[in-house]
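J.: Shown below is the structure under consideration.
The values are calculated or read from the model by the stated rules, or taken from the named source; none is laboratory data. Only a predicted model underlies this, so the values are computations on that prediction, with no experimental measurement involved. Glycine gets a Cβ as well: all are built from the backbone with ideal geometry, and neighbour counts include every protein chain shown.
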Amino acid sequence: MQLAHEDWFELYALIPKYSHTLDYGDMEDMRNIWAEDCTFTVDSPAYSASGIDEVIAMLSQTRQSHPHVRHIVSNSWVRVSDTVQICSYLQILDTQSMSLTMFARYIDEVEKTAQGWRIKHRKCLNG
């Protein structure tokens, strides 16, 4: 699969867009980040959400339950083969205690839609 320069820019912008929207934005803007039929799977503690409405509900609940955390996503790497993946490190910072509460990896399978690149499947792997 070949990607145009514009695709690379959009792919590398997708993950920071997610983090800023999750921590500060309008959760309905997640519809511009996730595919309609997306899935989000966490390995520990085991959890899964399917479909954009369920993913938005899960992310909204996370933000309401933990209003003082920020999602620091870094070292994103776009891997292109038959599919396109974005692999990133996740650190969650509690801004009240100024301590890291989690370290994990995101493995995102993304797809290009008529509206642009969207996360289709996300695996969050702790550790």
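J.: Inside segment 87-112, can you point out the residues that are surrounded by 14 or more Cβ atoms within 10 Å (Cβ to Cβ) and of a type in the set (Gly, Ala, Ser)?
T.: Ser88, Ala104, listed by residue number.
J.: If you don't mind, there's one more thing I want to ask. Filter segment 1-56 down to residues that are aromatic (Phe, Trp, Tyr) and within 16 Å of His121 (Cβ to Cβ), then give me how many there are. Let's see the steps before the verdict.
T.: At the first step, the residues of segment 1-56 found to be aromatic (Phe, Trp, Tyr) are 8-9, 12, 18, 24, 34, 40, 47.
Checking the rest, the ones that are also within 16 Å of His121 (Cβ to Cβ) come to 18, 34, 40, 47.
Number of matching residues: 4.
J.: Restricting to segment 40-93, what's the tally of residues that are at pLDDT 95 or above, of a type in the set (D, E, K, R) and within 16 Å of His20 (Cβ to Cβ)?
T.: Total satisfying the criteria: 1.
J.: Is segment 46-60 home to any residue that is of a type in the set (A, V, I, L, M) and touching a residue at least 40 places away in the same chain (Cβ under 8 Å)?
T.: At the first step, the residues of segment 46-60 found to be of a type in the set (A, V, I, L, M) are 46, 49, 52, 55-59.
Checking the rest, the ones that are also touching a residue at least 40 places away in the same chain (Cβ under 8 Å) come to none.
No, that holds for no residue.
J.: Working only within segment 15-42, note down all residues that are of a type outside the set (Gly, Ala, Ser), surrounded by 14 or more Cβ atoms within 10 Å (Cβ to Cβ) and part of a loop (DSSP other than H, G, I, E, B).
T.: Passing the criteria: only Ile33.
J.: Is segment 66-76 home to any residue that is of a type outside the set (D, E, K, R), out of contact with any strand residue (DSSP E or B) (no Cβ under 7 Å at 6 or more places or on another chain) and farther than 30 Å from Met1 by Cα?
T.: So the first thing to find is which residues in segment 66-76 are of a type outside the set (D, E, K, R), and the list is 66-69, 71-76.
So of that shortlist, the ones also out of contact with any strand residue (DSSP E or B) (no Cβ under 7 Å at 6 or more places or on another chain) come out as 66-67.
Filter once more, so that each one left must be farther than 30 Å from Met1 by Cα: 66-67.
Within segment 66-76, one or more residues are of a type outside the set (D, E, K, R), out of contact with any strand residue (DSSP E or B) (no Cβ under 7 Å at 6 or more places or on another chain) and farther than 30 Å from Met1 by Cα.
J.: Turning to a different aspect of this structure: Can you find a residue in segment 86-101 that is hydrophobic (A, V, I, L, M, F, W, C), over 14 Å from the mean Cα position of the chain (by Cα) and at positive phi? Even if it seems obvious, please write down each step before you answer.
T.: Filtering segment 86-101 down to residues hydrophobic (A, V, I, L, M, F, W, C) leaves 86-87, 90, 92-93, 98, 100.
Checking the rest, the ones that are also over 14 Å from the mean Cα position of the chain (by Cα) come to 93, 98, 100.
Still in the running and at positive phi: 98.
Among the residues of segment 86-101, at least one is hydrophobic (A, V, I, L, M, F, W, C), over 14 Å from the mean Cα position of the chain (by Cα) and at positive phi, which makes the answer yes.
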